[in-house]
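Please read the structure below before turning to the comments.
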Amino acid sequence: MAMELLDKINQSINAKSNEIEEWIEGHCQKIIVPLYTSVDLRVSGHKITPVDTNVFPAGFNNLCPIFRERTASLFHDYFLRKYPRVKNILIIPELHTRNLHYWENIYVLKSILESVGYSVGVGLVSDELYQEEVKFDTASGQEVRGFKAKMERHKVFISGFVPDLLLINNDFSSKCPKILKDIIQPVEPPVEIGWHTRRKSIHFEFYNMLANE
């Protein structure tokens, strides 16, 4: 039954795709849109509801090859438009998990960015980290090498790598680390919208407002 519902919804979306895109574009012109996001959907057989919005999404490993290529193109277009001089990108991941699928997500995200010409490093942010390098296994048997992030003269860097931009993949549920404050490099998405400043109820406030349209 769930698949029948999803097929029906997919047909409805395709039938009105132009109207939907115009509606989305209209709202995008009113606000600053985050670099990336994902939405958690709950399917109950006869209805489907978005129950949460992730501003720092994990799950790039779930994209099919065609969507990975499309994502790479969208990243490239976004950075070229907003940060045309960016060449080096530092991903700031979660550190409280050894989940193989999460690190597969980081591996794929890094690979997607590298596929369109960016040099990409992985920076580890934690006051309790004393190692210079940590290696993380992924679900597909790959390895992600992360290096302790440091700051000097208002710039974050890792060993042998100074990024032009920091890409956050960490929701910072408790607080924003000091190392990411007062730096001159652009940070995407802004750490100020991590869970330390948001509430889940806000998601439903905005969802209800948009759904009523």
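The values are calculated or read from the model by the stated rules, or taken from the named source; none is laboratory data. Keep in mind the model is a prediction, meaning the values are calculated, not measured. With ideal geometry, Cβ positions are generated from the backbone for all residues, glycine too; neighbour counts draw on all protein chains shown.
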Open item on the list: On the basis of being touching a residue at least 12 places away in the same chain (Cβ under 8 Å) and more than 30 Å from LYS135 (Cα to Cα), does GLY26 make the cut?
Closed with: no
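Conditions tested, residue by residue: (1) more than 17 Å from the chain's Cα centre (by Cα); (2) farther than 22 Å from PHE172 by Cβ; (3) not assigned by TED's automatic domain parsing to the domain that holds PHE206.
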site: SER17; (1), (2), (3): yes, yes, no
site: VAL33; (1), (2), (3): no, no, no
site: TYR36; (1), (2), (3): no, no, no
site: SER44; (1), (2), (3): yes, yes, no
site: PHE79; (1), (2), (3): no, yes, yes
site: ARG85; (1), (2), (3): yes, yes, yes
site: LEU95; (1), (2), (3): no, no, yes
site: ARG98; (1), (2), (3): yes, no, yes
TODO: For segment 89-105, indicate whether the set of residues that are closer than 22 Å to PRO190 by Cα, assigned to a helix (DSSP H, G or I) and touching a Gly at 6+ places or on another chain (Cβ under 7 Å) is non-empty.
DONE: yes
Task: Tally, over segment 130-154, of residues that are closer than 21 Å to VAL191 by Cβ, surrounded by 13 or more Cβ atoms within 10 Å (Cβ to Cβ) and not hydrophobic (A, V, I, L, M, F, W, C) - done: 3
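Of everything in segment 14-37 that's of a type in the set (A, V, I, L, M) and loosely packed, with under 12 Cβ neighbours inside 10 Å, which residue is farthest from SER201 (Cα to Cα)? Spell out the reasoning first.
We begin by selecting, within segment 14-37, every residue of a type in the set (A, V, I, L, M); these are 15, 20, 24, 31-33, 35.
With loosely packed, with under 12 Cβ neighbours inside 10 Å added as a condition, the list becomes 15, 24, 31-32.
Details: ALA15: 32, ILE24: 22, ILE31: 20, ILE32: 21 Å.
This residue is ALA15.
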TODO: Scan segment 38-85 for residues that are buried (at least 16 other Cβ atoms within 10 Å of the Cβ) and hydrophobic (A, V, I, L, M, F, W, C) and report the count.
DONE: 8
TODO: Scan segment 184-211 residue by residue and report those that are modelled with pLDDT of 80 or more, among the aliphatic types (A, V, I, L, M) and surrounded by 15 or more Cβ atoms within 10 Å (Cβ to Cβ).
DONE: VAL187
Open item on the list: Can you list residue pairs whose Cβ atoms sit under 9 Å apart, with the first residue in segment 67-83 being touching a residue at least 12 places away in the same chain (Cβ under 8 Å) and the second being aromatic (Phe, Trp, Tyr) and in a helix (DSSP H, G or I)? Count only pairs 6 or more apart in sequence or on different chains.
Closed with: ARG68/PHE60; THR71/PHE60
TODO: Name the one entry in ILE92, ILE9 that is within 20 Å of VAL144 (Cα to Cα), in contact (Cβ under 8 Å) with a residue 12 or more places away in the chain and surrounded by 11 or more Cβ atoms within 10 Å (Cβ to Cβ).
DONE: ILE92
TODO: Would you be able to say whether some residue in segment 58-76 is aliphatic (A, V, I, L, M), touching a strand residue (DSSP E or B) at 6+ places or on another chain (Cβ under 6 Å) and closer than 21 Å to ASN170 by Cα?
DONE: no
Open item on the list: So, in segment 134-157, how many residues would count as being among the β-branched types (Val, Ile, Thr) and under 18 Å from SER111 (Cβ atoms)?
Closed with: 2
- [ ] Looking only at segment 97-115, decide whether some residue is touching a His at 6+ places or on another chain (Cβ under 8 Å) and in contact (Cβ under 8 Å) with a residue 12 or more places away in the chain.
- [x] no
Open item on the list: Quick check on this structure: which one of GLU69, GLU25 is more than 24 Å from LEU167 (Cβ to Cβ) and not in a strand (DSSP E or B)?
Closed with: GLU25
- [ ] Among the residues of segment 88-125, count how many are of a type in the set (S, T, N, Q) and closer than 19 Å to ASN54 by Cβ.
- [x] 3
TODO: Could you give me the residue pairs with C-beta distances under 6 Å whose first residue belongs to segment 191-213 and is closer than 30 Å to ILE179 by Cα and among the aromatic types (Phe, Trp, Tyr), whose second residue is modelled with pLDDT of 75 or more and surrounded by 13 or more Cβ atoms within 10 Å (Cβ to Cβ) wherever it lies, and which are 6+ apart or on separate chains?
DONE: TRP195/ASP171
